[in-house]
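Data block below; observations after.
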Amino acid sequence: MDKTVFKNILQILIILIFNSFLAQESPKKMIKPAIINDTIVKKDTVISAKESLEDVLDTKADDIRRDVPKRMIYLNKNAQVKYQDLQIDADYISIDEERNVFYARGKLDSLGKYKELVKVKQGGKDYETDSFSYNTKTKQAIAYNARTEENEGLIVAEKTKKYNDSVFVMRHAEFTTDTYYIEKKDTRPDYHLLASYIKMQKGKNSSSLITGPVQMFIEDVPTPFVMPFAILPFSSKRSAGILIPSFGEREDVGFFLNGLGYYQPIGEHFDLKILTDIYTKGSWNIRPEMNYLKKYRYSGNFSADIGTTVRGIKGLNNYSKTGTYRIAWRHTQDAKANPFLNFSASVDVTSQTFYNNTVNNAYVMNQSFLRTQQNSTLTLTKRFLTLPITITGTASYSQNFATNLSDLRLPQMNVAINQFYLFKSRTGTRSGLLENITVNTGLNLTNFVSTNEGDLFTKAMWDKMQTGLKNNIALGTNATFAKYFTFSLGTTIDNALTTKTLTKFYDPVQNVQVEQINKKLAGYTIFSSTASVQTQLYGQANFKKGSAIEAIRHMMTPSIGFTYSPDFGGQKFGYFRNFYDANGALTPYSIFDKGIVGTPTTGMVGALSYSIGNNIEMKVRSKSDSTGIKKIKIFESLNVSGNYNFAAKSHPWSVISVSGQSSFFNNKLSVNTSLAIEPYKILFAPGSDVGIRTEDFGSFSVQAFQVGLTYPLSSELFGEKKDLSKIYSQKGEIRNENYYFDDDNYAHFDQAWTLNINANYQYSKTLSRTPTRMASIGLDGSIKLTPYWNINGSTHYDMVTKELAYTRIGFARDQRSFTINFNWVPFGQYKLYDFFIGIKANILSDALKYKDRSFTQPNAPF
């Protein structure tokens with residue numbers, strides 16, 4: 001080709017290119033083009049017309065190709081596009097200037113599968129996807145197989161469409177909170193929720209997922225947990241959500257779902273939880289619960305259990321249908337709110353047969369079904385800045401499930417005066433009996449009635465209500481004499497006033513003994529005085545140098561005292577009266593019997609009491625101890641006590657009481673024991689099972705004995721805790737469990753276990769010919785099969801009846817993202833198994849609650 005022709009063709013191409021640029025409308029505001037560096041990676045800055053792009057478009061790639069007629073830009077290998085708040089990194093990106101569309105695709109392998117994903121950043125969020133298209137005009141986008149991280153969770157959707165910055169719609173999407181899968185340490189999550197459609201709504205401070213039907217998969221295995229819809233919140237605030245139940249079977253009421261419900265926060269200070277328990281034999285239960293909290297002021301909880309328990313088959317003799325209820329309220333005031341006025345509440349009111357007919361398995365697991373009594377209390381306490389007085393007002397309600405009676409104290413007030421010295425000290429240091437005299441006093445007002453549940457707050461209840469006022473004054477003093485002895489003096493005065501008294505008489509017409517309650521004001525005053533002397537004695541026996549025992553040390557604390565109180569049963573006091581019973585015998589009784597202020601003591605007391613406390617320790621030589629000496633406690637305490645009543649007309653010696661406490665094996669084995677010794681001989685008449693206490697002193701028979709042993713065993717007791725990282729050089733991981741491997745590739749880990757052993761033996765005879773014995777042994781422990789597999793359980797064996805008592809076995813699996821719990825009660829009245837799966841992630845702790853994560857801990861089953 002001739003040079004002239006080549007020159008003409010070149011000029012024509014330059015003119016055409018120049019005209020092509022002239023044909024475009026120039027932008028109103030020009031932006032300086034970026035300087036193109038002379039590097040392998042090509043960079044470019046495109047300034048487009050306002051109708052195409054509203055901002056600078058920065059691109060770079062290993063290979064950039066521009067198709068001017070089609071208005072397309074192609075970026076290949078290490079491609080990147082930055083536009084406004086959007087950044088795309090991909091293997092391939094195309095820019096359609098005509099349609100205002102970016103398209104990006106990940107890197108493919110030889111089989112056409114994606115081995116590197118497109119990375120998208122926009123609005124501070126990161127996304128990964130196989131392919132991605134974005135319209136710069138409408139701000140809408142479509143992504144395929146996109147990975148979207150939201151808070152602690154990850155969404156992987158087959159197709160995702162972005163309508164605007166606030167609304168995303170996804171098709172065939174998986175959601176999980178498995179951190180290993182999110183961090184790409186595993187190819188599949190340990191669990192996920194699969195939904196056909198998901199709508200993600202983003203707000204200013206929070207966002208949420210709204211799904212259609214959703215199913216839970218564990219290790220890609222579908223579970224029966226299917227919800228018609230779900231709302232998953234992504235917020236640091238409390239959020240509403242469905243509460244996951246446990247499921248299983250109970251022999252008496254059938255298969256169940258236990259704890260299915262919904263959680264709803266209400267404003268800043270309240271939240272509401274409604275749970276249901278459903279059983280296949282017809283039993284049901286509804287459990288609403290409201291928590292409240294005002295920071296630095298108070299917190300509390302209202303809860304209720306209302307339901308029906310159905311047992312047996314309708315029409316047969318074993319059929320029963322029982323309605324039950326439980327109402328509870330807990331309120332705690334912060335100590336900082338008001339140091340001088342405090343209110344607290346602990347209210348728990350149930351139907352009489354609630355715990356025997358409960359369908360809430362939590363009461364079975366914690367053995368609440370064995371309860372025989374339940375108490376409720378409201379307390380208001382007032383303190384004063386300048387007065388040494390504390391006033392406490394209470395209202396209490398006590399239910400006895402064995403007797404079907406309820407005790408109500410309403411109101412009850414106690415005025416306590418702080419202890420004070422009767423005399424001032426002359427020198428600033430108190431000495432002598434007079435200067436050490438202290439006074440303790442208080443006033444207690446009580447209104448009390450014992451009635452059945454049906455009579456509560458009726459006229460019959462108010463007629464039986466008793467009112468009592470008691471005042472106690474205690475004076476005491478002490479002084480040291482002869483350097484080693486402490487002398488103590490004390491006097492106690494009790495004053496009582498009541499509105500009702502008792503009259504007993506025999507009605508010969510009805511042939512019954514009548515107890516008549518009189519509405520009459522009456523009172524009594526009783527007192528007693530004590531004097532005692534106490535000291536401490538030490539003794540030590542030292543052994544020869546070659547002996548394993550170095551010394552035995554004995555500390556003895558003897559105490560001797562004298563107590564005096566007059567006979568308040570005498571006629572001059574008027575506290576006791578006599579009546580003739582059905583046999584014509586003159587029988588004494590107190591007019592304060594069955595009252596709420598107690599009954600005055602009878603019989604003069606002039607008793608000499610004794611008490612001897614002992615502490616015995618032994619020092620043995622030990623190579624394992626740094627000092628070479630090891631101290632062993634033989635008896636931490638060994639106490640002997642009793643008294644001799646000089647004023648008694650018969651049996652002046654009391655029963656001798658012995659109690660001891662000790663621990664062995666480095667304080668692991670605890671032993672507690674008590675013994676009651678009868679100093680008088682007991683005789684039994686022929687054919688009688690109840691003995692008579694004679695005046696024959698000196699037989700010293702055992703009337704009661706009790707011993708309890710507790711030994712907590714654990715893996716640490718059988719060897720020092722080993723640092724496996726220093727023993728084994730190889731460390732590996734199977735799923736999320738960490739192990740150390742030896743040279744033969746056997747896995748090792750710290751396999752911790754505990755086993756608590758409790759043994760009890762009780763022997764009681766008193767005046768009975770045949771003693772009663774109780775003996776049991778209990779086991780309670782846990783063991784780790786793997787770092788995240790745990791087995792726990794407890795059982796008790798009655799060695800007298802040769803039967804196992806309450807037994808429970810539990811299995812717990814701590815997965816990466818959820819926990820699995822299985823509890824089994826294999827026999828007994830409440831034979832059951834209970835299975836539960838719960839998600840651990842905080843963002844689902846409200847939406848799919850497996851724990852109570854509200855701002856106050858709810859009331860635990862009582």
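The values are calculated or read from the model by the stated rules, or taken from the named source; none is laboratory data. Quick caveat, the model's predicted, so the values are computed rather than measured. A quick note on method: Cβ atoms are made from the backbone with ideal geometry, for glycine too, and the neighbour counts reach across all protein chains shown.
Among the residues in region 150-159, are any over 16 Å from residue 79 (Cβ atoms), loosely packed, with under 14 Cβ neighbours inside 10 Å and modelled with pLDDT under 90? No, region 150-159 contains no residue that is over 16 Å from residue 79 (Cβ atoms), loosely packed, with under 14 Cβ neighbours inside 10 Å and modelled with pLDDT under 90. Hey, does region 688-709 have a residue that's free of Cβ contacts under 8 Å to residues at least 40 places away in the same chain and either aliphatic (A, V, I, L, M) or over 30 Å from residue 606 (Cβ atoms) (or both)? Checking region 688-709: not a single residue is free of Cβ contacts under 8 Å to residues at least 40 places away in the same chain and either aliphatic (A, V, I, L, M) or over 30 Å from residue 606 (Cβ atoms) (or both).
Which one of 104, 141 is free of Cβ contacts under 8 Å to residues at least 24 places away in the same chain, in contact with a Phe, Trp or Tyr (Cβ under 6 Å, 6 or more places away or on another chain) and either buried (at least 19 other Cβ atoms within 10 Å of the Cβ) or of a type in the set (A, V, I, L, M, F, W, C) (or both)?
Numbers: 104 fails: free of Cβ contacts under 8 Å to residues at least 24 places away in the same chain.
Exactly one residue qualifies, and that residue is 141.
Would you tally the residues in region 311-363 being of a type in the set (Ser, Thr, Tyr), part of a strand (DSSP E or B) and over 22 Å from residue 245 (Cβ atoms)? Summing the residues that are of a type in the set (Ser, Thr, Tyr), part of a strand (DSSP E or B) and over 22 Å from residue 245 (Cβ atoms) in region 311-363 gives 6. Among the residues of region 187-212, those that are surrounded by fewer than 16 Cβ atoms within 10 Å (Cβ to Cβ) and farther than 19 Å from residue 146 by Cβ comprise 203, 204, 205, 206. Considering region 757-775, the residues that are in contact with a Gly (Cβ under 6 Å, 6 or more places away or on another chain) and at pLDDT 90 or above include one that is nearest to residue 713 (Cα to Cα), namely 758. Residues considered: 509, 514. Of these, the only one that is surrounded by fewer than 14 Cβ atoms within 10 Å (Cβ to Cβ) and outside any strand (DSSP E or B) is 509. When residue 738 is tested against (1) in contact with a strand residue (DSSP E or B) (Cβ under 6 Å, 6 or more places away or on another chain); (2) at pLDDT below 90, exactly one condition is not met: (1). Criterion first (closer than 30 Å to residue 328 by Cβ and exposed (fewer than 13 other Cβ atoms within 10 Å of the Cβ)) does residue 404 satisfy it? Criteria met by residue 404. Of the candidates 809, 783, the single residue that is in contact with a Gly (Cβ under 7 Å, 6 or more places away or on another chain) and either on the phi > 0 side of the Ramachandran plot or surrounded by 15 or more Cβ atoms within 10 Å (Cβ to Cβ) (or both) is 809.
Mind checking whether some residue in region 492-504 is of a type in the set (Val, Ile, Thr), free of Cβ contacts under 8 Å to residues at least 40 places away in the same chain and closer than 19 Å to residue 433 by Cβ? Please lay out each step first, then the result.
To start, the set of residues in region 492-504 that are of a type in the set (Val, Ile, Thr) comprises 492-493, 498-499, 501, 503.
Those still in the list that are free of Cβ contacts under 8 Å to residues at least 40 places away in the same chain too: 492-493, 499.
Then drop every residue that is not closer than 19 Å to residue 433 by Cβ, which leaves 492-493.
Yes, region 492-504 contains at least one residue that is of a type in the set (Val, Ile, Thr), free of Cβ contacts under 8 Å to residues at least 40 places away in the same chain and closer than 19 Å to residue 433 by Cβ.
Check whether at least one residue in region 292-299 is in contact with a Gly (Cβ under 7 Å, 6 or more places away or on another chain), surrounded by 15 or more Cβ atoms within 10 Å (Cβ to Cβ) and modelled with pLDDT of 90 or more, and report yes or no. Within region 292-299 (the criterion being in contact with a Gly (Cβ under 7 Å, 6 or more places away or on another chain), surrounded by 15 or more Cβ atoms within 10 Å (Cβ to Cβ) and modelled with pLDDT of 90 or more), the answer is yes, since at least one residue qualifies. Filtering region 170-186 to residues that are without any contact (Cβ under 8 Å) to a residue 40 or more places away in the chain, surrounded by 17 or more Cβ atoms within 10 Å (Cβ to Cβ) and more than 15 Å from residue 230 (Cα to Cα) leaves 181, 182.
Are any residues in region 177-207 β-branched (Val, Ile, Thr) and within 22 Å of residue 115 (Cα to Cα), and if so, which ones? Reasoning before the result, please.
Within region 177-207, the first condition is being β-branched (Val, Ile, Thr), and the residues that meet it are 177, 179, 182, 187, 198.
Hits for region 177-207 are 179, 182, 187.
Here's the yes/no breakdown for (1) among the aromatic types (Phe, Trp, Tyr); (2) within 30 Å of residue 353 (Cβ to Cβ); (3) without any contact (Cβ under 8 Å) to a residue 40 or more places away in the chain:
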| residue | (1), (2), (3) |
| --- | --- |
| 442 | no, no, yes |
| 458 | no, yes, yes |
| 468 | no, no, no |
| 478 | no, no, no |
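Against the definition (hydrophobic (A, V, I, L, M, F, W, C), within 19 Å of residue 838 (Cβ to Cβ) and touching a Gly at 6+ places or on another chain (Cβ under 9 Å)), how does residue 198 come out, yes or no? In short, no.
What do you reckon, is residue 617 part of a strand (DSSP E or B), within 23 Å of residue 669 (Cβ to Cβ), in contact (Cβ under 8 Å) with a residue 60 or more places away in the chain and not basic (Lys, Arg)? Talk me through it step by step, then tell me what you get.
Values: part of a strand (DSSP E or B): yes; within 23 Å of residue 669 (Cβ to Cβ): yes; in contact (Cβ under 8 Å) with a residue 60 or more places away in the chain: yes; not basic (Lys, Arg): yes.
Yes; evaluated as a whole, the condition is true for this residue.
Do the conditions hold for residue 223, that is, is it among the polar types (S, T, N, Q), surrounded by fewer than 14 Cβ atoms within 10 Å (Cβ to Cβ) and part of a strand (DSSP E or B)?
Numbers: among the polar types (S, T, N, Q): yes; surrounded by fewer than 14 Cβ atoms within 10 Å (Cβ to Cβ): yes; part of a strand (DSSP E or B): yes.
The answer is yes for residue 223.
Only one of these conditions is not met by residue 595: (1) within 30 Å of residue 696 (Cα to Cα); (2) not in a strand (DSSP E or B). Which number is it? Among (1) within 30 Å of residue 696 (Cα to Cα); (2) not in a strand (DSSP E or B), the lone unmet condition for residue 595 is (1). Entry remark, region 404-460: residues being in contact with a strand residue (DSSP E or B) (Cβ under 9 Å, 6 or more places away or on another chain), in a loop (DSSP other than H, G, I, E, B) and among the β-branched types (Val, Ile, Thr) number 2 in total. Given the structure, is residue 579 more than 24 Å from residue 492 (Cβ to Cβ), in a strand (DSSP E or B) and at pLDDT 90 or above? So residue 579 passes the test. On the basis of being part of a loop (DSSP other than H, G, I, E, B), among the small types (Gly, Ala, Ser) and surrounded by 14 or more Cβ atoms within 10 Å (Cβ to Cβ), does residue 603 make the cut? When the stated conditions are applied, residue 603 passes them.
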